[in-house]
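Working notes for the structure below.
The values are calculated or read from the model by the stated rules, or taken from the named source; none is laboratory data. Given the structure is predicted, the values throughout are model-derived calculations rather than measurements. Counting neighbours? That spans all protein chains shown, and the Cβs are built from the backbone with ideal geometry, glycine included.
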Amino acid sequence: MSETGVTATAVPGDALSKVNVRGGGATALPPSGVRRRRSKGLSWRGRLEITLLSGPAIVVFVLFVIVPVFVALYYSFFAWKGYGPATNFIGFDNYTWTLGNKDFWSAVGHNFAIAGLSLLFQGPLAVLLALLLNQKMRGRSLIRVLIFVPYVISEAIVGIGWRLMLSDTGAINGLLHRLGIDSIVSWISDPKIALWTLMFVITWKYIGFAVILMLAGLQGIPEELSEAAAVDGASYWQIQRHIMLPLLAPTIKIWAFLSVIGSMQLFDLVYIIWGQYIANISGTSTMAYFMAQNGRLSGQLGRGSAIAIVVFVISLVVALAFQKFVMNRNTEGALTSKED
Amino acid sequence: MAKKIDPRNGAVIRSTPKSGGWGSPLVYFISLCLIAVCIAPVIYIVIGGFRTNSQITQDPSGWPNPWNVSNYTSVLGMPDFWRMAGNSLYIALITVIAIVVLGVGASFVLARYKFWGRNAMYMLFASGLMFPLAVAITPLYIMVTKSPLANTPWGVILPQVAFGLPQTIIILTPFLAAIPMEIEEAATVDGCSRLGFFWRMVVPLSLPGVITVAILNFVGSWNSYMLPLYMFNDAAQYTLPLGVQQFSTAHSQDTAQVLAFTSMAMLPALIFFSIFERRIVGGLTGAVKG
């Protein structure tokens, strides 16, 4: 059964759907198109071509993605404000400062809470909506477009919009007043509510992406399966529960991975809606927010580098753990093509 | 248990969506609610721009009465707005061109050459997915401010290109590998060099993939906030997302104006999205299916 989900995440009608049937995770190199080439060593000409074509990409990539990690590692051992050479070596002080900081740990807690709550609420909601929308109906492509609008607009711009709407005298409280609820709710500044407000805005911003992803996954499931089940007398919901959902699992896992990674990096929305200082008090600060606040924005670049390294390690551990414990289970068969 | 398949709601028989037919009312109702929640804030921002501040203070969730265009006309008359839009456009265009040029080159090598280290090279780029920009940004800032890139658009463009490459290469490599060997052989027989084959056959044949990659990166660059926030000290270089934030702080008492400015800033993204909707939706889902 699992072998039938060949194109479980492919998008019909899109040119991409035909190419990646071999799947197998982002880290697997698709077989090269070269098949019948004689296996003699490369000529100097071939080497030159390889260097010419891939050299620039490698240089830019290594310089701006890999090197920064080592730069951060170096400066994390200095008390350095960015002027002149870094000379004030302080060993692990920046790390002990970070790891001993209460605000940092509450930021870490918020990141994990956001990741967990996203999986808990956004995931089931997206699956349910995708199952509902995966039907023959008028205007389906229009619905697809409209639920995607929040995803396409910049975090900065929707952040401003939500900040205005959620303020004490904003449209949301105005709307509640209209409905006869007169108590003013401090959606942004009340520490008991703020994290839920953030979760709501995150869900609003990213649910469209999750639904589209799930829909694409559902459309890769062959119709014959649900037809056969219907012939055997399965009800609509039985089909969804026992056929569509299990076959959608690989897509759900990919979404979950992206969602967790995204939660670890969250910055824009928090910084825009809560501003430079309030997030610490209202309980919505994230690791990247903490890093910006105590690094770049306060001029403490050595300290910011140390925070960056700590955040990097945390994100990496989370990503690898997720890969190991969630992604590799059962996905192998479901993502691999039979006729590879 | 023995429920029949309703031919009208097509719950079981899933055929092509174009073949018409009406779903059940419940599905339409839920869809409408979903759309309302997704669109309402956007509409609120746009409509709010047509109100005056006193209208907004009196009734924050009301309708414009009378409609008032002056907020929008004054935004359109701001040189700042046009300069930020120009900066955003410039950075996004250069980013896309650079990503496509570098990405196609590297993907072509990965897809069509056999050489020692090919797998290592792919792993190198794929590992980029594990290096979040939010983490690299502090050291990137240190590197850029100490280099000639400081306070130039290139300080944003080059990191964006670097962080866009992994996804681009992961999308494009299978695309280029799928070009049949026979085409390359035929081209070689006809006297075409490997690079000639690259220019005359590969680039045109991989165009659909290239367009997807280009659109994804254009939208990403247009919306990017954290990188310009770190890199730019001078307001003359601000892009639209930074500008919106700055404007909303500077005019915090003038909500109507902020709403108008915000709507004008999201308009280009919305227009762009409505033109390329198919490719963006398809590309994003395609991009992550790895």
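A few remarks follow.
- Residue A:96 farther than 30 Å from residue A:201 by Cα and in a loop (DSSP other than H, G, I, E, B): no
- Scanning segment B:160-186 for residues that are farther than 14 Å from residue B:206 by Cβ, more than 7 Å from chain A (Cβ to nearest Cβ) and at pLDDT 85 or above returns B:160, B:164, B:166.
- Tally, over segment A:84-100, of residues that are out of contact with any Gly (no Cβ under 9 Å at 6 or more places or on another chain) and surrounded by fewer than 15 Cβ atoms within 10 Å (Cβ to Cβ): 9
- Boolean, residue B:196 is part of a loop (DSSP other than H, G, I, E, B), of a type in the set (Gly, Ala, Ser) and in the same structural domain as residue B:114 (by TED's automatic domain parsing): no
- Residue in segment B:227-247 that is of a type in the set (Val, Ile, Thr), in contact with a helix residue (DSSP H, G or I) (Cβ under 7 Å, 6 or more places away or on another chain) and closer than 23 Å to residue B:79 by Cβ present: yes
- The set of residues in segment B:231-279 being of a type in the set (Ser, Thr, Tyr), crowded, with 17+ Cβ neighbours inside 10 Å and outside any loop (DSSP other than H, G, I, E, B) consists of B:248, B:255, B:262, B:263.
- In this entry, residue A:221 is excluded by the filter for residues that are more than 8 Å from chain B (Cβ to nearest Cβ), without any contact (Cβ under 8 Å) to a residue 24 or more places away in the chain, over 24 Å from residue B:222 (Cβ atoms) and surrounded by 15 or more Cβ atoms within 10 Å (Cβ to Cβ).
- Between A:127, A:69, the distinction of being within 8 Å of chain B (Cβ to nearest Cβ), part of a helix (DSSP H, G or I) and in contact (Cβ under 8 Å) with a residue 12 or more places away in the chain belongs to A:69 only.
- Positions within segment B:86-120 being over 21 Å from residue B:212 (Cα atoms) and modelled with pLDDT of 90 or more, in sequence order: B:86, B:87
- For segment B:101-156, the candidate set comprises residues that are β-branched (Val, Ile, Thr) and surrounded by fewer than 21 Cβ atoms within 10 Å (Cβ to Cβ); within that set, the residue that is nearest to residue A:290 (Cα to Cα) is B:145.
- If you filter segment B:76-88 down to residues that are free of Cβ contacts under 8 Å to residues at least 24 places away in the same chain and within 13 Å of residue B:268 (Cα to Cα), you find that the one that is farthest from the chain's Cα centre (by Cα) is B:82.
- Residue list for segment B:161-204, restricted to those being surrounded by fewer than 16 Cβ atoms within 10 Å (Cβ to Cβ) and among the hydroxyl-bearing types (Ser, Thr, Tyr): B:188, B:193
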